[in-house]
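This report concerns only the one structure given below.
Please treat every number below as a calculation from the coordinates, not as lab data. Everything quoted here is computed from the prediction, not taken from an experiment. Counting neighbours? That spans all protein chains shown, and the Cβs are built from the backbone with ideal geometry, glycine included.
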Amino acid sequence: MADAIIEKARELFEGQIDFEGQRTAERMMTIALCVVGATAFLVGYITSNVYWTLYVGLGGTAITFLIVVPPWPIYNENPVQWLPAKGKGSADYDIVVDGQRVTSQPTR
């Protein structure tokens, strides 16, 4: 039971994120920080108070951090399928490239 909990925690903190997830996170960060910056500027301008500008900017940045930085499952929807290792002791394997099967045997 404890091993299962530890394994779940390890998977959560390990940070598995694919390339499409990185692209999604970068877009979300850019959009969120632009919106936060414009909102902070407008709030500061309307209230004529630089402290409100800083509070809104820092709060929005913290929320953006919580949305983008943790490895949420949405960032790992397209995991990379790596090819098998090549070398001594590796079995024969088939690779499909552009719909054509390529059979490879390890060199001896």
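How far apart, in nm, are two points set 7 Å out from the Cα along the Cα-to-Cβ line at K8 and at Y55?
It works out to 3.8 nm between the two label points.
Calculated from DSSP H runs of 4 or more alone, at -39500 (n - 2.57) each and per residue, what is the 222 nm mean residue ellipticity of the chain, nearest 500? All intermediate terms of the calculation are to be shown ahead of the outcome.
Working: 3 runs with 61 residues, N = 108.
It lands at -19500 deg cm²/dmol.
In debye, nearest 20: dipole of the chain around its Cα centre with unit charges on the Cβ of K, R (+) and D, E (-)?
Charge dipole of the chain: 240 debye, to the nearest 20.
Hey, can you list the DSSP H helices of the chain whose Cα span along the axis is 24 Å or longer and whose average Kyte-Doolittle score is at least 1.6?
Those that clear 24 Å and a mean of 1.6 are 50-68.
Mind checking the log10 I(q)/I(0) for the range 1-64 at q = 0.16, 0.28, 0.29 Å⁻¹? Debye, one equal scatterer per Cα, no solvent, two decimals.
Here log10 of I(q) over I(0) equals -0.67, -1.04, -1.07.
In nanometres, what is the gap between the two model label sites at R27 and I46, each 7 Å from Cα along Cα-to-Cβ?
Those two pseudo-labels are separated by 2.9 nm.
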